[in-house]
């Protein structure tokens with residue numbers, strides 16, 4: 001199955017347009033229309049929306065394809081229309097990989113904030129002052145981690161290039177000298193042509209797994225605890241208006257929990273893990289290209305539901 005480059009470009013341009021439009025509107029509404037009761041939550045939303053737009057811009061610059069083939073997963077960028085050096089293309093590709101590392105951390109932070117707000121035990125003090133600066137820095141560290149893996153572990157090498165050469169041409173119509181890529185090849189052949197597990201790539205896989213597993217478990221735990229809190233608020237609502245308000249928050253929480261599970265964590269986890277066990281997901285990895293990289297744009301827009309959250313935030 002060969003992906004149409006033009007069709008891919010249309011999807012990416014559309015994603016960029018809506019990401020810029022919706023997030024710009026959201027930032028404007030937060031700055032001009034939001035209640036003071038939102039506190040530092042609105043700063044988190046602005047931070048999230050700004051990052052989403054940056055992610056979208058990187059995506060349209062790189063125009064990546066993500067693929068899994070045999071014992072290798074990779075993100076590839078075409079150089080056909082790239083006006084600068086190959087090294088600069090490798091840099092922007094690694095920056096886009098870094099954006100993927102920021103995403104799960106941001107999701108986890110939002111869930112932590114909402115849980116603290118629903119708890120009403122004064123823990124929102126940890127989102128003020130110097131603590132707030134720390135919350136802004138942590139996602140950047142997560143992004144630097146993925147950038148580091150892409151730049152130092154997954155750079156072009158002869159064995160990986162030869163391994164993916166045919167599938168890149170068959171699926172994307174690209175010759176390897178027309179591309180840069182970031183790839184994890186788990187079982188490269190030795191000098192005798194016998195495949196062996198690359199321990200360096202295995203270490204990188206473990207790092208990637210933890211970088212996804214920790215935010216995922218934080219999201220599940222705080223999401224479950226928030227769900228329990230909201231149910232109690234609904235049961236003991238003082239009036240019909242309050243009950244409706246809490247029900248809106250409950251529905252928003254459910255959506256904002258399941259979206260990252262099915263559009264980010266599961267696809268990325270499958271993409272990273274399948275090659276380790278020689279599971280060739282092939283065409284299914286296209287879903288990662290079209291769903292996961294656009295997940296953040298969709299998820300950020302859903303944060304408008306946070307407007308009903310302001311009534312219980314502090």
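The values are calculated or read from the model by the stated rules, or taken from the named source; none is laboratory data. All values reported here derive from a predicted model rather than from experimental measurement. Counting neighbours? That spans all protein chains shown, and the Cβs are built from the backbone with ideal geometry, glycine included.
Values as computed for the structure displayed
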quantity: Given (1) surrounded by 14 or more Cβ atoms within 10 Å (Cβ to Cβ); (2) at pLDDT 95 or above; (3) part of a loop (DSSP other than H, G, I, E, B), index of the condition residue 174 fails; calculated: (2)
quantity: Residue 49 at pLDDT 85 or above, part of a helix (DSSP H, G or I), surrounded by 15 or more Cβ atoms within 10 Å (Cβ to Cβ) and in contact with a helix residue (DSSP H, G or I) (Cβ under 7 Å, 6 or more places away or on another chain); calculated: yes
quantity: Residue count, the stretch 257-267 (criterion: within 12 Å of residue 107 (Cβ to Cβ) and touching a helix residue (DSSP H, G or I) at 6+ places or on another chain (Cβ under 6 Å)); calculated: 6
quantity: Top-ranked residue in the stretch 118-137 [being assigned to a helix (DSSP H, G or I) and free of Cβ contacts under 8 Å to residues at least 60 places away in the same chain; ranked as surrounded by the fewest Cβ atoms within 10 Å (Cβ to Cβ)]; calculated: 130
quantity: Looking only at the stretch 58-90, and only at residues there that are in a helix (DSSP H, G or I) and in contact (Cβ under 8 Å) with a residue 12 or more places away in the chain, the one that is farthest from residue 259 (Cα to Cα); calculated: 86
quantity: Hits in the stretch 138-161 (condition: in a helix (DSSP H, G or I), touching a strand residue (DSSP E or B) at 6+ places or on another chain (Cβ under 9 Å) and surrounded by fewer than 20 Cβ atoms within 10 Å (Cβ to Cβ)); calculated: 151, 159, 161
quantity: Pair list, Cβ under 8 Å, 6 or more apart: the stretch 24-42 residue at positive phi, other residue modelled with pLDDT under 85; calculated: 39/313; 39/314
quantity: Residues located in the stretch 1-13, provided they are in contact with a helix residue (DSSP H, G or I) (Cβ under 9 Å, 6 or more places away or on another chain), part of a helix (DSSP H, G or I) and either at pLDDT 70 or above or surrounded by fewer than 11 Cβ atoms within 10 Å (Cβ to Cβ) (or both); calculated: 9, 11, 12, 13
quantity: Condition met for residue 187 (touching a strand residue (DSSP E or B) at 6+ places or on another chain (Cβ under 8 Å), part of a loop (DSSP other than H, G, I, E, B), modelled with pLDDT of 95 or more and surrounded by 13 or more Cβ atoms within 10 Å (Cβ to Cβ)); calculated: yes
quantity: Residue 111 more than 21 Å from residue 51 (Cβ to Cβ), in contact (Cβ under 8 Å) with a residue 12 or more places away in the chain, within 17 Å of the chain's Cα centre (by Cα) and surrounded by 14 or more Cβ atoms within 10 Å (Cβ to Cβ); calculated: no
quantity: Residues (at pLDDT below 65 and loosely packed, with under 12 Cβ neighbours inside 10 Å) located in the stretch 216-261; calculated: 236, 238, 239, 240, 241
